[in-house]
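Working notes, structure below.
The numbers here are math on the coordinates, done by the rules we state, and not lab data. Not measured: the values here are computed from a predicted model. Cβ atoms come from the backbone with ideal geometry, glycine included; neighbour counts cover every protein chain shown.
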Amino acid sequence: MSRAYRRRVFAITLTVVVIVLLLVAAVFVRLRSAPEVARLLPECDGILYANLKPLRAFSDFGSKSANWAPEYRTFVEQTGFDLERDLDEIAFAMHVPQDLQHETRYSEVMVGRFDSGKVSDFLNHMAHAHESYGGHDIALIPYEDRIVRVSMLSLDMIAASNTGDPAQIDHIIDEFRRSGFSVTGPHLLRTHYRNVPFGSLAWLITEVAPAKGISLSDNLSPLPFVTQLFGGGVVVGSLRYNGSILLRADDYLKDEATAKERAEELQNLLSLYKSTEVQTRPDHPDAGIESALSSLKVEQKGERVQVSAAISRDLITRMFESPLESEPPPGPPAAPEKKPKRHRKH
């Protein structure tokens, strides 16, 4: 074998190895990069993402007819787009107001299967005006006390924002036009998406304002309760599936001492809740709910506190079952049928 031939074989082999390594690296980066719908979002205070396709695979979600509200039924009839059946992915950017007098606003990007012509006609019918940005039409739709901006980015992707400021949807359009891995998303996503467990079907990344302490109250609403549980850190919540639904929330705090204190508070609260639940449980408790409650646990791992639980597939399926229609109340008993009188022959 000549030296020139050996060099040629070595060069070919090296080229093949480099190509394979590049392909593996590209696949790895692709798998670990955030979904595109999340990377298109503008700067925000929280991000919520859900992939609904796997949900339909292990539940009846979207496969059964439901008792729709009249407005939603009109939307489905005019667009042919049913969110439960046709929506595949959705990502929300949460814009928290500076004062409590205003409510949180949202920007969102969704991917699904719909008739773009019907959806475009519906948006044109609902819009009171239109804007144009980056070659995309933006429908301005009045809703209550705000304007919702909606734009079709492609045949299967729609963006919307109800902030009242065009900057958010303009940002989404700009990022969509750039596309590819150059789009890295808002700061929260760039900083904390690496902490989302691999294979999560839904996840949440949000900053939570500090709370004064943890307490129980009968009239405690969900948002203040979450603030009390996880306040002062960045929360990364996730949902995975391995035969059961695995729920996890990681609270990333400023130091280990704060994490230790938070873990102790949450553990005390969990112990109190479990003891109360044992005393008040019915004579015939639901096995699925019992299993989910017993799986709840709190762990400190350095500067973060982790709360986790597992919910059985059976319980999730029952949660998504369409409620049975109540039977109509029984009416008055039917009057006995009168038989014709028979006349005697004389």
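Using the Cα centre as the reference, give the magnitude of the dipole from point charges on the C-beta atoms of region 105-183 (Lys, Arg: +1; Asp, Glu: -1; all else neutral), rounded to the nearest 20 debye. Kindly include the intermediate steps, with their values, before the conclusion.
Details: 7 positive and 12 negative charges, 29 e Å.
Taking the Cα centre of region 105-183 as origin, the dipole is about 140 debye.
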* Taking H as built 1.01 Å from N, whose amide H comes closer than 5 Å to the amide H of Val148, not counting residues under 5 places away? -> Ile141, Tyr143
* To do: With label points built 7 Å along Cα→Cβ from the Cα atoms of Asp286 and Arg194, find their separation and express it in nm.
  => 4.0 nm
* To do: Just grab the label-to-label distance for Ser295 and His128, each label 7 Å out from Cα along the Cβ direction, in nm (one decimal).
  => 4.8 nm
* Give me the number: length gained by fully extending His187 to Leu315, i.e. 0.36 nm times residue separation minus the C-alpha to C-alpha distance, one decimal in nm. => 42.5 nm
* Among rounded, prolate and oblate, which fits region 34-192 when a ≥ b ≥ c are the square roots of the eigenvalues of its C-alpha gyration tensor, a/c under 1.5 means rounded, and a/b larger than b/c means prolate? -> rounded
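Most exposed first by the Cβ proxy, i.e. fewest other Cβ within 10 Å, how do Ile172, Ile47 rank?
On the way: Ile172 27, Ile47 22.
So the ranking, lowest neighbour count to highest, is Ile47, Ile172.
Sort largest first and round to whole Å: the equivalent ellipsoid semi-axes of region 130-204, each the square root of five times a Cα gyration tensor eigenvalue. Display every interim value, and only then the final one.
Working: eigenvalues 135, 50, 27 Å².
Over the Cα atoms of region 130-204, the semi-axes work out to 26, 16, 12 Å.
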* Per-peptide average of other Cβ atoms within 10 Å, ordering 291-300, 69-78 highest first -> 291-300, 69-78
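Between Arg177 and Ala257, 0.36 nm times their residue separation minus their Cα-Cα distance comes to what?
Values: separation 80, 0.36 × 80 = 28.80 nm, distance 4.51 nm.
Gain on extension, Arg177 to Ala257, equals 24.3 nm.
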* To the nearest 0.05, what FRET efficiency results for Gln101 and Leu140 with a Förster distance of 25 Å applied to their C-beta separation? -> 0.55
